[in-house]
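To keep things clear, I will list the structure first and then write my remarks on it.
The values are calculated or read from the model by the stated rules, or taken from the named source; none is laboratory data. What you are looking at is a predicted structure, and each value in this text was computed from that prediction instead of being measured. Counting neighbours? That spans all protein chains shown, and the Cβs are built from the backbone with ideal geometry, glycine included. Please note that ligands, DNA and RNA were not included when accessible areas were found on the heavy atoms of the full protein model with its side chains. Shrake-Rupley method; radii C 1.70, N 1.55, O 1.52, S 1.80 Å.
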Amino acid sequence: MVTIREIAEYTGLSPSTVSIVLNGKAKSRNISEKTAKKIWDAARELGYTPNISARMLRNNNAKKYVAVFWANDYRAPLLFDFINGMQQAIEASEMDVEIVLRLFTPDQLYKSAQPDQLTMYSATVICTASKKDLEYLESTRFVTPIVLYNRYSSRYSNVLVDNEALGAKAAEIFISHGKKKAVVFTAYTNHYIYYEKRMSGFMNAFSNSGGTTTIINSPSNHYKTALETISEMESVFRNADCVLCLHDLLAISYINYIVKNKLVDIPSSQEIIGIGNRNSDIYDNLLIPLSVIEVPIEAMGYECMRIIMTLLEGDYTIYESKTVDFIYTPRLSCKL
C-alpha cells in the first residue's frame, strides 16, 4: 500500500505538505495549485488510497460502505425510491455493500463532504446538489470515487435524465394536441438546476411551433404557497389552454384548486401535464386527469449503484455518464 511518505519521496516534497493536499486543505493552507496538482498526479500514478478506504477496496471480502448525500428539503420523500433502486443493484451482485445516508442543507454540501470526511466511505453518491454544491465539487479534489445523481459533470461519473429533452417532450405533446397558450408552473430557485433546463427545453420547442408561454413562479413547492400563487394568478391560468407543472406537488395543488373553484373545464378546454417522481397509482386516483412525465428515480438509483460497484471492483478513476429515459403516461380520463 502506497504511503504519504512514499508520495513525498516521489515528489520531493515534505510528508506534511502531501498530507495537507490529500486531505483537501491545500487552499486553506496556501499551497499552490501547481504543487497540489503534482501531488494528486503522483497519488494517482502510484495508486494511493487512504488507509480506511484501502482496506475496503483491496479486500474483496470486506464490506463496502457507500454514502448517499441527499438534501433535507421537500425532495426527501423521494429518497425511498432511490435507495430501493440502489438496493436492487446490490442484491443482483455478490458484493457486500451497506448504504449510509447523509442529509445536508442545499448550498452547504461542503460542510459535511470534505475530502477527509469522505475517506471513511468506500464511495459516495451525491444527490440533489445545487449550483453552489456543484461548484464546490468541481473545485475540490477527492481520493474516494464519487457518482452524481441527476447532475452532469465531466469530472465525476453521473446518472441523469435529459431534462431539456423532458421539457421539449411536454411541448411536443401539447403541440400535437393543437395547444397554443401555455403556462409553466414552477417553483424555481437557484437550488433546482433541473427546473431551469426543463423550462428551457419546453419554451424553445413550444415557441418554435408558434405557441406562447407564460411562466408562473411559486415561492416554494409547499401546498399552501402553491395555492396562494394560483389564486393570485388565476386569470392567467384560466386563459391558458395547457399547463405544465414542473413538479407533481404543484400539479396536485393546481388540480385541487380547479376542483374547488371550478376554474376551467378539464380536459376539454385545458390539458395538464405534471412532471412526477412517484408511483403512478397516485395520479390514477385524482379527480381530474393528469398526464405525467415520470423521472425514473428507482432506475437511476440502480444505475448509480451499478457504477459504484464497477468502480470498486476495478479502476475507480473510470468515468461514465449514463442517461436514463423518462416515461410519459397519458391520462385523458379519470377512474373516479
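Key figures
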{"item": "Charged-residue dipole, Cβ positions (Lys, Arg, Asp, Glu), the range 6-49 about Cα centre, Debye nearest 20", "result": "280 debye"}
{"item": "Gaussian network model of the chain, springs between alpha carbon atoms under 10 Å - residue of 305, 203, 233 with greatest fluctuation", "result": "233"}
{"item": "Dipole magnitude of the chain about its Cα centre (Cβ charges: Lys, Arg +1; Asp, Glu -1), debye to nearest 20", "result": "740 debye"}
{"item": "Accessible solvent surface per residue of the chain, calculated while the other protein chains remain in place, 1.4 angstrom probe, Å²", "result": "46 Å²"}
{"item": "Rounded tilt (10° steps) of 33-46 against the dominant C-alpha axis of the chain", "result": "80 degrees"}
{"item": "Degrees separating the helix 163-176 axis from the principal Cα axis of the chain, which is the longest one", "result": "20 degrees"}
{"item": "Tilt relative to the chain, helix 248-261 - C-alpha long axis, 0 to 90 degrees, to 10", "result": "20 degrees"}
{"item": "Cβ-based charge dipole, the chain, positive-most Cα from 89, 67, 275", "result": "67"}
{"item": "Whole-percent carbon and sulfur share, accessible surface of the range 110-168, 1.4 Å", "result": "49 percent"}
{"item": "Gaussian network model of the chain, springs between alpha carbon atoms under 10 Å - residue of 68, 236, 183 with greatest fluctuation", "result": "236"}
{"item": "The chain: most fluctuating residue of 41, 248, 133 per GNM, C-alpha cutoff 10 Å", "result": "41"}
{"item": "For the chain, share of DSSP beta bridges that run antiparallel, in % to the nearest 5", "result": "5 percent"}
{"item": "Fraction in percent of alpha-carbon pairs per bin - 10 Å, the range 142-265", "result": "13, 39, 31, 12, 5, 1"}
{"item": "Of all accessible heavy-atom area on the range 197-256, the percent that carbon and sulfur account for (1.4 Å)", "result": "50 percent"}
{"item": "Stokes-Einstein D (µm²/s) once Rh is taken as the Kirkwood radius of the chain over alpha-carbon pairs, at 10 °C in 1.306 mPa s", "result": "72 µm²/s"}
{"item": "Helix-only [θ]222 nm of the chain, DSSP H runs n ≥ 4, -39500 (n - 2.57) each, per residue, nearest 500", "result": "-12500 deg cm²/dmol"}
{"item": "Sequence-distant residues sharing a close amide H with residue 104 (under 5 Å, placed H)", "result": "70, 71, 72"}
{"item": "Size of electric dipole in the range 83-164: Cβ of Lys, Arg +1 and of Asp, Glu -1, about Cα centre, debye, nearest 20", "result": "340 debye"}
